[in-house]
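For reference, the structure is listed below as structure tokens.
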Amino acid sequence: MVRVMESLAEQGVTVLFKADAERMREGVRPWSFVASGSPFHEDLLVRTDAASVEACLEAGLPRLRAFGLVIPETSA
């Protein structure tokens, strides 16, 4: 996963992972993945809320690839 995040940062993307304690206690998709930055049009970002980091990546990385970003394959 580090390779993926480094690759995104090298392309001007800021990536944030967040674990929300309140949502975790409630059992509601506690992980958030947010990607934004210069490769995107103004105000455009990719955000995914999921049950795990892996699920965030499974949902978010294809969307980033659709914007033309080059992302190494990950086992996550």
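Only the coordinates and a few stated rules stand behind these numbers; no lab work does. Remember, it's a predicted structure, so these values are computed and weren't measured experimentally.
Give the average over all directions of the projected area of the C-alpha convex hull of the chain, one decimal, in nm².
4.9 nm²
Any chance you could run the full-extension gain for THR74 through ARG23? It's 0.36 nm times the residue separation minus the Cα-Cα distance, nm to one decimal.
On the way: separation 51, 0.36 × 51 = 18.36 nm, distance 2.65 nm.
Contour length minus Cα-Cα distance gives 15.7 nm.
Amide H neighbours of GLY37 under 5 Å, counting only residues 5+ apart in sequence or on other chains, H built in-plane at 1.01 Å?
Under 5 Å from the amide H of GLY37 lie the amide H atoms of THR14, each far enough along the sequence or on another chain.
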